[in-house]
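K.L.:
What follows is a structure written as structure tokens; I'll ask about it next.
The values are calculated or read from the model by the stated rules, or taken from the named source; none is laboratory data. All values derive from a computational prediction rather than experimental measurement. Reconstructed Cβ throughout: ideal geometry from the backbone, glycine too, with neighbour counts over all protein chains shown. What goes into the accessible areas is simple: the full protein's heavy atoms, side chains included, and nothing from ligands, DNA or RNA. Shrake-Rupley method; radii C 1.70, N 1.55, O 1.52, S 1.80 Å.
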Amino acid sequence: MMGNSNFRILNWDESSRVLKNVIGCEPRQLANISHSEKNKPLYCKRINGWQHFNDEGVFAIINGSLYLESDVYIICDISYSQCKGVFHLKSSEVSAYVSNYYDTFGEYLFEDDVYFIFPKNKKLLVYQYEGYHMLYSLPLTHL
């Protein structure tokens, strides 16, 4: 449990079973999306002065709440660095997850790349650590 948010962590094998058909690739492969020639985002924008915003500010700017639905899956730096896997949350828990991330993990959520997977809406929202954010339609073609 994390502050006022509840989440479940899916290991990489479990997340693959749940998300591979939705995403179009293994969840851990999303780190390669910026190098893909086949997958072009619906948009790519940059946050001016991104380094001056806290996690809540970045989340508001990238409009993550536009795609909230019953289930949201999040892959972030600790998914890889601490072998945590994929965070699974209900849409009502995402704001608390973002707000409490630093207190729980000792680092900022948006200090590195973050992938928000919205299966029902078939969207992938990507934030890259240099302030860029992109929206993709799912499933992706091969990475």
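K.L.:
Compute the distribution of all C-alpha to C-alpha distances in the stretch 1-142, in bins of 5 Å from 0, and list the percent of pairs in each, rounded to whole numbers.
P.N.:
Answer for the stretch 1-142: a P(r) of 2, 10, 21, 25, 23, 14, 4, 1 percent.
K.L.:
Modelling each spin label as a point 7 Å along the Cα-to-Cβ direction, I'd like the ASN6/GLN82 distance in nm, to one decimal.
P.N.:
Simple spin-label model gives 2.1 nm for this pair.
K.L.:
If you take the Cα Rg of the stretch 20-83 and divide it by 2.2 N^0.38 Å, with N the number of residues, what do you get?
P.N.:
That works out to 1.29 for the stretch 20-83.
K.L.:
Please calculate how many Å² of accessible area the chain carries per residue, with a 1.4 Å probe and no DNA, RNA or ligand atoms counted.
P.N.:
Averaged over the residues of the chain, the accessible area is 52 Å².
K.L.:
State the Cα centre-to-centre distance between the stretch 71-143 and the stretch 32-67 in whole Å.
P.N.:
Going from one Cα centre to the other spans 11 Å.
K.L.:
Here's another thing I want to ask about it. Note down the nm distance, to one decimal, between modelled labels 7 Å out along Cα→Cβ at HIS35 and at GLU111.
P.N.:
2.5
K.L.:
Would you check the accessible area of PHE7, probe 1.4 Å, heavy atoms only, in square angstrom rounded to 10?
P.N.:
PHE7 exposes around 50 Å² with every protein chain in place.
K.L.:
Pairs of lysines 8 or more apart, or on different chains, with alpha carbons under 17 Å: count those in the chain, would you?
P.N.:
10
K.L.:
Using the per-residue mean of other Cβ atoms lying within 10 Å as a proxy for protection, in what order, highest first, do the peptides 15-22, 65-72 fall?
P.N.:
Peptide ranking by packing, descending: 15-22, 65-72.
K.L.:
What translational D, rounded to a whole number of µm²/s, comes out for the stretch 68-117 from Stokes-Einstein when the hydrodynamic radius is the Kirkwood one over Cα pairs, at 20 °C and 1.002 mPa s?
P.N.:
D = 194 µm²/s.
K.L.:
Another question about this same structure. Given R₀ = 41 Å, what would the calculated FRET efficiency be for ARG46 paired with ARG17, taking r from the Cβ atoms and rounding to 0.05?
P.N.:
Calculated value: 0.75.
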